[in-house]
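Read through the structure below, which is laid out as structure tokens, and then see the notes.
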Amino acid sequence: MPFVLRDENGDICGLFAVHQEATEEFLDDGDPEVVAFRKPGYQELRRQSYPSIGDQLDAIWKKIQSTGDAGADQMFAEINAVKSKYPKP
């Protein structure tokens, strides 16, 4: 049976397989950091399926850039300064 190890924030920091005897020992010890593997909920499935944050931000930025949103002028200047400093090869 697979197990996940979670940190204090509840984020997964390890995944491992153990024998059934070890599974019972881990659960009997009451260690809150070790929990039985469970089917992922909708939040986890969505998180895994969405494009990366970078891709999402890039798409949003391109949309703002194409519409000429006046409120984004400062951000536009900051991003273009970084792009100019580190151009694509």
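The values are calculated or read from the model by the stated rules, or taken from the named source; none is laboratory data. Everything numeric here is computed off the predicted structure, so don't read it as measured data. Methodologically, a virtual Cβ is constructed for each residue, glycine included, from the backbone with ideal geometry; neighbour enumeration extends over all protein chains shown.
Before moving on, here are some points about what is shown:
- Verdict on PHE26 being touching a strand residue (DSSP E or B) at 6+ places or on another chain (Cβ under 6 Å), modelled with pLDDT under 80 and surrounded by 11 or more Cβ atoms within 10 Å (Cβ to Cβ): yes
So that you can scan it fast, the table gives a plain yes or no per residue for (1) under 27 Å from the mean Cα position of the chain (by Cα); (2) acidic (Asp, Glu); (3) assigned to a loop (DSSP other than H, G, I, E, B):
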position	(1), (2), (3)
PRO51	yes, no, yes
ALA59	yes, no, no
LYS63	yes, no, no
SER66	no, no, no
MET75	yes, no, no
GLU78	yes, yes, no
ALA81	no, no, no
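- Pairs meeting the criteria (first residue in the stretch 43-67 and surrounded by 10 or more Cβ atoms within 10 Å (Cβ to Cβ), second residue among the small types (Gly, Ala, Ser), beta carbons under 9 Å, at least 6 apart or on different chains) are PRO51/ALA59; TRP61/ALA72; ILE64/GLY71; ILE64/ALA72; GLN65/ALA72.
- Of all residues assigned to the stretch 69-84, none qualifies as being under 30 Å from ILE12 (Cβ atoms), of a type in the set (A, V, I, L, M, F, W, C) and surrounded by fewer than 10 Cβ atoms within 10 Å (Cβ to Cβ).
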